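Each remark here refers to the structure printed beneath this line.
Values quoted throughout were computed directly from the atomic coordinates according to the rules given, and no laboratory measurement underlies them. Please read these numbers as outputs of a predicted model, since none were measured by experiment. Because the Cβ atoms are built from the backbone with ideal geometry, glycine has one as well, and the counts that use them run over all protein chains shown.
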Amino acid sequence: MSDEIKTEEAGTDNNQEEKTEKVDSYLFMDGAKEGFYIGIENILPAMVLGYVIIRFLELTGLVNLIGKVFAPVMGIFGLPGEAAIVLMSAFFAKAAGEATAANLYAAGTINAAQATILVVPCMLMGTLVGHYARIVLVAGTNPKYRSHLLGLPILLSLVGMLGMRGIMMLMGYM
């Protein structure tokens, strides 16, 4: 009789494992589906935006003008003036900044070390405008602190770019 009970318990454990496996596979598929839609709905449009911005600036000749205007400031970070376009793109969408950096790299405007430096602001201040509007304004953050919430990621990006430039120099890439 005790063998029958053990067999029934073992059968229950097997059923539980099957249910867990089914739940896990559904969770995985739901996560994969959600990730796919995030890529299609959010990342892809931002990357297209980055490409369109660069192309527009190239066709209008504004890339050269921006490069000349921002060359002294961007030079502090070991970057050409044209790299300011990446910061402008990233300010609106993280993926747009990254796509802009990739386009500048593909065009030969920046090298791999400079593209690495530009990853920092893309990550730290990417989509800042959208996050600011969705979180800070909607949440009703105290207006006294709003400039801090907008300025801090920018400051951290600048410090991060200096740090990454130092790392690239220590590694001999610059």
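In segment 68-174, a dipole from Cβ-located charges (positive for Lys and Arg, negative for Asp and Glu) runs towards its positive end, and of L124, S157, V136 it is V136 whose Cα lies farthest in that direction. The calculated pair-distance distribution of segment 74-134 uses every alpha carbon pair, bins of 5 angstrom beginning at 0, and gives 4, 22, 32, 24, 10, 5, 2, 0 percent.
Sorted on the mean count of surrounding Cβ atoms within 10 Å across their residues, most packed first, peptides 84-96, 153-165, 63-75, 112-124 read 84-96, 112-124, 153-165, 63-75.
Work out, step by step, the length gained on full extension between N142 and R55: first 0.36 nm times the residue separation, then minus their alpha carbon distance; give nm to one decimal. Show your work: numbers first, answer last.
Numbers: separation 87, 0.36 × 87 = 31.32 nm, distance 3.93 nm.
Contour length minus the Cα-Cα distance gives 27.4 nm.
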